[in-house]
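To start, the structure itself, in structure tokens.
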């Protein structure tokens, strides 16, 4: 489990090591969206829930986390 957590945590960091900043931002956004959506497809199928609603729910939670992180960053700086 620890290795999986490490790999998941490094996913948004790795593009910034190897790519120029503007391209790395886009890769991170797209990659994170894909990594959020793929498990939701399985979750929707196994729970017999509507796929779009399940994906939208997770994306809304992720957007709230992004907003909260940006707000905290603004308050600190």
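The values are calculated or read from the model by the stated rules, or taken from the named source; none is laboratory data. Since this is a predicted model, take the numbers as computed values, not measurements. Ideal geometry is used to build each Cβ from the backbone, glycine not excepted, and the neighbour counts take in all protein chains shown.
So which residues in the stretch 42-56 are closer than 22 Å to residue 11 by Cα and at pLDDT 90 or above, if there are any at all?
Within the stretch 42-56, 55, 56 qualify.
Taking the stretch 1-28, which residues are under 19 Å from residue 66 (Cβ atoms), surrounded by fewer than 11 Cβ atoms within 10 Å (Cβ to Cβ) and modelled with pLDDT under 90?
8, 9, 10, 13, listed by residue number.
Name the residues in the stretch 40-55 that are loosely packed, with under 12 Cβ neighbours inside 10 Å and in a helix (DSSP H, G or I), would you?
Answer for the stretch 40-55, where residues must be loosely packed, with under 12 Cβ neighbours inside 10 Å and in a helix (DSSP H, G or I): 42, 45, 46, 52, 53.
Is it the case that some residue within the stretch 63-75 is out of contact with any helix residue (DSSP H, G or I) (no Cβ under 6 Å at 6 or more places or on another chain) and surrounded by 13 or more Cβ atoms within 10 Å (Cβ to Cβ)?
For the stretch 63-75, residues out of contact with any helix residue (DSSP H, G or I) (no Cβ under 6 Å at 6 or more places or on another chain) and surrounded by 13 or more Cβ atoms within 10 Å (Cβ to Cβ): absent.
Six or more apart or on different chains, Cβ atoms under 6 Å: show the pairs whose first residue is in the stretch 29-46 and at negative phi and touching a residue at least 12 places away in the same chain (Cβ under 8 Å) and whose second is surrounded by 12 or more Cβ atoms within 10 Å (Cβ to Cβ) and assigned to a helix (DSSP H, G or I).
Correct list of pairs: 36/58; 36/62; 37/55; 40/54; 40/55; 40/58.
Output the residues belonging to the stretch 27-48 that are touching a helix residue (DSSP H, G or I) at 6+ places or on another chain (Cβ under 9 Å) and over 20 Å from residue 61 (Cβ atoms).
Residue satisfying the conditions is 27 alone.
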